[in-house]
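The values are calculated or read from the model by the stated rules, or taken from the named source; none is laboratory data. None of the values given here were measured: they were computed from a predicted structure. Heads up, the Cβs are rebuilt from the backbone with ideal geometry, glycines too, and the neighbour counts pull from every protein chain shown. These accessible areas exclude ligands, DNA and RNA; they are computed on the full protein's heavy atoms, side chains included. Shrake-Rupley method; radii C 1.70, N 1.55, O 1.52, S 1.80 Å.
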Amino acid sequence: MLRGDKVGLRARYEDDIPILLTELYDDVVNGSRAEGRPWRPITPGSKDPRLVVDDTEQGHVPFSVVELDGGTLVGTATLWGIDNHNRSAHIGLGLLPSARGKGYGTDVVAVLCHYGFVVRGLQRLQIETLSDNAAMLRSAERNGFVREGVLRSSAWVMGEFLDQVLLGLLVQDWKPASKASL
């Protein structure tokens with residue numbers, strides 16, 4: 001398990017899937033804001049790739065996020081779009097409603113940076129988020145990510161186009177904020 005100050009990132013367990021399905025993916029509004037594609041219901045027991053891990057997929061590394069104090073599942077974290085040639089990847093995360101507002105997002109980003117830069121040897125990490133996602137913007141910037149641009153009206157979300165903010169962090173600019181470790 002990768003450890004931060006408050007959370008750990010571990011492999012996805014089969015027991016995680018019903019909780020993530022109910023608390024993250026059945027939420028139409030938040031699911032629509034997070035996905036970048038239209039929300040649709042997921043049949044219980046389906047092999048939806050957002051939940052079920054394909055260990056052969058090398059460009060996508062999903063984690064379950066757990067509290068260090070007690071091991072309670074609090075969300076998901078992903079390093080995706082991994083490009084080994086250009087040594088870059090994207091960061092994504094989703095926290096259960098009960099876990100929001102506790103600083104877990106900032107810690108998850110810190111641990112994903114540790115994983116990307118130290119474990120994977122990447123040069124660049126990138127985040128794309130909706131311009132009104134203050135929590136993600138704050139978590140990214142607290143970890144040293146720099147706003148590199150705005151993709152105007154690039155996301156269709158629940159009947160309207162929204163702007164997305166593009167943030168990037170290079171390994172030479174990264175300053176580990178947490179005691180993220182293996």
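Considered as a group, the residues in segment 75-97 that are touching a residue at least 60 places away in the same chain (Cβ under 8 Å) and surrounded by fewer than 23 Cβ atoms within 10 Å (Cβ to Cβ) include one that is farthest from GLY8 (Cα to Cα), and that residue is PRO97. Looking at GLU148, GLU141, GLU128, just one residue is of a type in the set (Asp, Glu), part of a helix (DSSP H, G or I) and either within 17 Å of VAL7 (Cβ to Cβ) or in contact with a strand residue (DSSP E or B) (Cβ under 9 Å, 6 or more places away or on another chain) (or both), and that residue is GLU141. Conditions first: (1) over 22 Å from LEU2 (Cα atoms); (2) under 16 Å from the mean Cα position of the chain (by Cα); (3) without any contact (Cβ under 8 Å) to a residue 60 or more places away in the chain. MET136 passes all but one, so which condition is the exception? Result: MET136 passes all but (1).
Residue check: is LEU162 part of a strand (DSSP E or B) and either out of contact with any strand residue (DSSP E or B) (no Cβ under 6 Å at 6 or more places or on another chain) or over 18 Å from ALA89 (Cβ atoms) (or both)?
yes
Checking GLY59, GLY149 one by one, the residue that is in contact with a Gly (Cβ under 7 Å, 6 or more places away or on another chain), among the small types (Gly, Ala, Ser) and farther than 20 Å from SER32 by Cα is GLY59 and no other. Residues that are touching a Ser or Thr at 6+ places or on another chain (Cβ under 9 Å) and surrounded by fewer than 18 Cβ atoms within 10 Å (Cβ to Cβ) are absent from segment 104-122. Just one of the listed residues (ALA89, ALA110) is within 30 Å of PRO38 (Cβ to Cβ) and of a type in the set (A, V, I, L, M), namely ALA89. All conditions in (1) under 23 Å from MET158 (Cβ atoms); (2) in contact (Cβ under 8 Å) with a residue 40 or more places away in the chain hold for TYR25, with the sole exception of (2). Residues that are at pLDDT 95 or above, open to solvent by 30 Å² or more (accessible area, probe 1.4 Å) and under 25 Å from LEU122 (Cα atoms): does segment 52-73 have at least one? No, every residue in segment 52-73 fails to be at pLDDT 95 or above, open to solvent by 30 Å² or more (accessible area, probe 1.4 Å) and under 25 Å from LEU122 (Cα atoms). Among the residues of segment 142-178, those that are closer than 20 Å to TYR115 by Cα, surrounded by fewer than 16 Cβ atoms within 10 Å (Cβ to Cβ) and modelled with pLDDT of 95 or more comprise ARG142, VAL146, LEU170, VAL171, GLN172, ASP173. Based on this model, can you work out whether ASP107 counts as over 20 Å from LEU151 (Cβ atoms), over 14 Å from the mean Cα position of the chain (by Cα) and touching a residue at least 12 places away in the same chain (Cβ under 8 Å)? For ASP107, the condition - over 20 Å from LEU151 (Cβ atoms), over 14 Å from the mean Cα position of the chain (by Cα) and touching a residue at least 12 places away in the same chain (Cβ under 8 Å) - is not met. Of the residues in segment 32-43, at least one is under 27 Å from ARG138 (Cβ atoms), among the hydroxyl-bearing types (Ser, Thr, Tyr) and in contact (Cβ under 8 Å) with a residue 60 or more places away in the chain. State whether one or more residues within segment 4-14 are within 25 Å of ALA135 (Cα to Cα), at pLDDT 80 or above, open to solvent by 70 Å² or more (accessible area, probe 1.4 Å) and not hydroxyl-bearing (Ser, Thr, Tyr). Within segment 4-14, one or more residues are within 25 Å of ALA135 (Cα to Cα), at pLDDT 80 or above, open to solvent by 70 Å² or more (accessible area, probe 1.4 Å) and not hydroxyl-bearing (Ser, Thr, Tyr). Kindly indicate whether GLY116 is within 16 Å of the chain's Cα centre (by Cα) and part of a helix (DSSP H, G or I). For GLY116, the condition - within 16 Å of the chain's Cα centre (by Cα) and part of a helix (DSSP H, G or I) - is met.
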